[in-house]
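Each remark here refers to the structure printed beneath this line.
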Amino acid sequence: MRKNREIILALDSSSVPLVMALGFNGRVYCARKSGVKQEEYLFPLIKKLLDKAGCSFKDIGRFFFIKGPGRFTGIRISLTLASMLKEFAHVEISSASVFDVLICQARQSAAYKKWLAAHPRGIAAVIMHAFRNEYFARIYDGFSGPAWVSGEELFSLLDGQNRPVFIIGRGAHGAPLRDFLPPRFTYAPRALNIISPKTLLNFKPDCKQTSKEVLQPLYLKPARFELGK
């Protein structure tokens, strides 16, 4: 049976909650599941969405997933599923970082476009809580890459910005970043701080990825490791 390349499965298991989406015939079927034992409910959720769409596992034509940064186990779950689908079902696979997907989602929003029109020199930053007082961060200034920084380094990084900054992301336990970061920045509306199922399904990498690039996880390194602590 020829696969229907319009049947797309997308997954973000890099954090909690797990977000899954399936697109078929112009319709979107989605699921969110809290809890850290994602390996226990991954396949039941996939089956649930496939049943809703009237499809089977073998019908999946494309698979997109978030390759990090985030929970080590969660990232490994997505990588393993992607490898299985590619090798045994010949599914087309692609991936992206949580930074690039969140910034893409924000740039398509009315809130960001309105802010950028008022601040044409402005830049965006994606910040996600990592562990204790440490954060995943990327500032889209054309120079900086993704980093795992301590809380102190994060404040220093932001203080060094002399342009308006639109901040996307969330703190520990989903807390708003505006609760502890400087008020002089603009903070994205709540809906833009979590990857939506629709964004997962529609995201397309900027360039064609090799299989090695698709399956290369983005773990980053803890700030305490980088600093030799």
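General observations
- For Pro146, the shell of other residues with beta-carbons less than 12 Å away shows a net charge of +2, using +1 for Lys and Arg and -1 for Asp and Glu.
- Phi-based couplings in Hz for the range 162-178 (Karplus 6.51, -1.76, 1.60; Gly and Pro marked x): 9, 10, x, 10, 9, 9, 10, x, 8, x, 4, 6, x, 5, x, 5, 5
- Going from the fewest other Cβ atoms within 10 Å to the most, the residues Met20, Met128 appear in the order Met128, Met20.
- Other residues lying with their Cβ under 12 Å from the Cβ of Leu158 contribute a combined charge of -2, Lys and Arg counting +1, Asp and Glu -1.
- Surrounding net charge for Pro176, when Lys and Arg each add one and Asp and Glu each subtract one, Cβ distance under 15 Å: +2
- Amide H partners (placed H, <5 Å) of Tyr140, local residues excluded: Ala124, Ala125, Val126
- 3J(HN,Hα) from dihedral phi, the range 88-99, Karplus parametrisation 6.51/-1.76/1.60, rounded to Hz, x for glycine, proline: 9, 10, 6, 7, 6, 10, 8, 8, 7, 7, 5, 4
- DSSP beta bridges in the range 14-130 [antiparallel fraction, %, rounded to 5]: 60 percent
- The phi-based Karplus calculation (6.51 cos²θ - 1.76 cosθ + 1.60; θ = phi - 60°) puts the 3J(HN,Hα) values of the range 46-63 at 4, 4, 4, 5, 4, 4, 4, 7, x, 10, 10, 4, 6, 7, 4, x, 9, 9 Hz, whole numbers, x for Gly and Pro.
- Qualifying aspartates and glutamates (Cα of each under 20 Å from Cα of Lys37; at least 8 residues distant if same chain): Asp12
- Burial ordering of Cys207, Cys104, fewest other beta-carbon atoms within 10 Å first: Cys207, Cys104
- Amide proton proximity set for Val91, modelled H, under 5 Å, gap of 5+: Lys86
- Listing Asp51, Asp100 from fewest to most neighbouring C-beta atoms within 10 Å gives Asp51, Asp100.
- Per residue of the chain, the DSSP helices (runs of n ≥ 4 H) give a summed -39500 (n - 2.57) that works out to -9500 deg cm²/dmol at 222 nm.
- Reachable lysines from Lys204, criterion Cα separation under 19 angstrom, eight or more residues apart if same chain: Lys67, Lys86, Lys212
All of the numbers you see were taken from the coordinates with simple rules; none came from a lab. Just so it is clear, the model here is predicted, and its values are computed rather than measured. Neighbour counts run over all protein chains shown; Cβ positions are idealised from the backbone, glycine included.
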